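All of the numbers you see were taken from the coordinates with simple rules; none came from a lab. Quick caveat, the model's predicted, so the values are computed rather than measured. Cβ coordinates were reconstructed from backbone atoms using ideal geometry, including for glycine residues, and neighbour counts include every protein chain displayed.
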Amino acid sequence: MSPRNSGRIVLCTPADCRVRRDQARAFIEVAELVLTEGRREAHVAAALAVLGGIAAADAVCGFALGQWSRGQDHTQAVALLGDVTLRDATLPTKLRRLLADKDAAHYSPNLITVEKAKAMVRQAAALLTEADLS
Amino acid sequence: MDLSFPLATIAPTLDAGVLHVLAATTSGCTGAEVHRRLGHGSDEGVRKVLARLVGQGIVVVETPARYPLYRLNRSHVAAPHIEALTRVRQDIVDRIRDQVTAWQVLPTHAGLFGSFARGTAHANSDIDVLLVRPETLTEREEDLWLDQVDGLDRAIKAWTGNVAQIIDLTAATLGRMAREGDPLVDSWRAEDIPLHGARLIALLRELR
């Protein structure tokens, strides 16, 4: 692990990580629940998938490194996830694409389709699986 | 990187701007014309820079009529390097195209749009990429696809210092957006620099 001096990386305890993992699970479970064939619901599910993915990544980092990112710049969270020895090495990519899809949605709400939301929820769920195994 | 003025990467000065203007033309320009095309600096400042560059031999001056005409001296040993720096936009397009065409899971269409495609991008502009992904992907292909897209995202940042904004959608989504009159589709249609796969116009016609 490379030490970071940024004030946006904060220390956390295993108890904090369990709470964050529970938050991730709640976001993702609700995302799966609302994910029907409607496009309005797809937007809600996509937003929840992003929140769930970030929370799960925080939990993974917290369990492995004892610290997580608290910055608004999520690239720091992705970089920190890259410091973790992961069972699933695709997770930093999944988190980056999840965040990129959220940004791309600013171009047009039509870019968040039911299929896209399902893919985003799958990416978040993969991050949660890693947190569950931590 | 200032994508409209790549010479600024190494020399954010009036001198570099003047060289950029002269590299863009094979004909001679008056000092006033160089100043007009540059769009900033003072007329006097531009003339001082021209005099300095003439002293370096990289700019030649002729006076066929009333006003002197300045021209980039393409015989100068530094000229090819200056010209290469003014052409990095094409290098960026080529690099993106090379990377995308080497992918294992190829897009149905890949293209560039937005300010970079229009040639109006500046230092803080994003480089906008449109990727129409294959309609169905297995779980393994989906992971591979995401890895490819993410690799391109990071490569663009490393090559230019600019952020890539990648729109990754299926043909079905593209077709629906076109049918619903999404203005984003109009900008793709108007600006698209094709990189790989079916032409966007043909694809949109097919999806109508």
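Within 10 Å of each Cβ in peptide A:104-110, how many partner chain Cβ atoms are there on average? Round it to a whole number, please.
5
Which length gain, in nm to one decimal place, applies between residue B:102 and residue B:180 when the Cα-Cα distance is subtracted from 0.36 nm times their residue separation?
That pair, residue B:102 and residue B:180, stretches by 24.8 nm at full extension.
Per the helix-only calculation at 222 nm, which mean residue ellipticity applies to chain B, given -39500 (n - 2.57) for every DSSP H run of n ≥ 4 and division by its residues, nearest 500 deg cm²/dmol?
Calculated mean residue ellipticity at 222 nm is -15500 deg cm²/dmol.
Residues of B:165-175, mean number of Cβ from any other protein chain within 10 Å of their own Cβ, rounded to a whole number?
So the per-residue partner count for this stretch is 4.
How big is D for region B:137-208, in µm² s⁻¹ as a whole number, if Stokes-Einstein is applied with the Kirkwood radius of its Cα pairs at 10 °C and 1.306 mPa s?
114 µm²/s
Rank these for me by crowding, A:74, A:43, going from fewest to most other beta carbons within 10 Å.
On the way: A:74 20, A:43 16.
So the residues, fewest neighbours to most, are A:43, A:74.
Which residues' amide hydrogens lie under 5 Å from the amide hydrogen of residue B:127, considering only partners 5 or more residues apart or on another chain, with H built in the peptide plane?
B:163, B:164, B:165
Which net charge results for the neighbourhood of residue A:30, defined as the other residues with beta-carbon distances under 14 angstrom from its beta-carbon, given Lys and Arg at +1 and Asp and Glu at -1?
-3
Ordered by residue, what ³J(HN,Hα) values in Hz, to whole numbers, does region B:196-208 give under the Karplus form 6.51 cos²θ - 1.76 cosθ + 1.60, where θ = phi - 60° and Gly and Pro are x?
Each residue of region B:196-208 in turn: 7, x, 4, 5, 4, 4, 5, 5, 5, 5, 5, 8, 4 Hz.
If you average 1/r over every pair of different alpha-carbon atoms in chain A and take one over that average, what Kirkwood value in Å do you get? Walk me through the numbers before you get to the answer.
On the way: mean 1/r = 0.0682 Å⁻¹.
Roughly 14.7 Å, rounded to one decimal.
Hey, what do the phi angles of region A:119-134 turn into as Karplus ³J(HN,Hα) couplings, whole Hz, using 6.51/-1.76/1.60 and θ = phi - 60°, x for Gly and Pro?
Using θ = phi - 60°, the values come out as 5, 5, 5, 4, 5, 5, 5, 5, 5, 5, 4, 5, 5, 5, 8, 7 Hz.
Could you tell me what a quarter of the Cα convex hull surface of the protein assembly as shown works out to, in nm² with one decimal place?
21.6 nm²
In percent, what relative contact order does region A:8-134 have, based on Cα pairs under 8 Å that are 6 or more apart in sequence?
Computed over region A:8-134, the figure is 36 percent.
Where in chain B is the longest stretch that carries no GluC sites (Glu not before Pro) classed as loop by DSSP and with at most 11 other Cβ atoms within 10 Å? Write out the running numbers ahead of the final one.
Values: sites that count: B:135, B:180.
Counting only loop sites that pass the neighbour cut-off, the longest clear stretch is B:1-134.
Separation of region B:122-197 and region B:40-60 by C-alpha centroid, Å?
So the separation of the two Cα centres works out to 42 Å.
Residue-wise, which Karplus ³J(HN,Hα) couplings in Hz belong to region A:46-54, taking 6.51 cos²θ - 1.76 cosθ + 1.60, θ = phi - 60°, and x for glycine or proline?
3J(HN,Hα) across region A:46-54, in whole Hz: 5, 5, 5, 4, 5, 4, x, x, 5.
Excluding same-chain residues fewer than 8 positions from residue A:118, which lysines have a Cα within less than 30 Å of its Cα?
Excluding near neighbours in sequence, the set is A:94, A:102, B:157.
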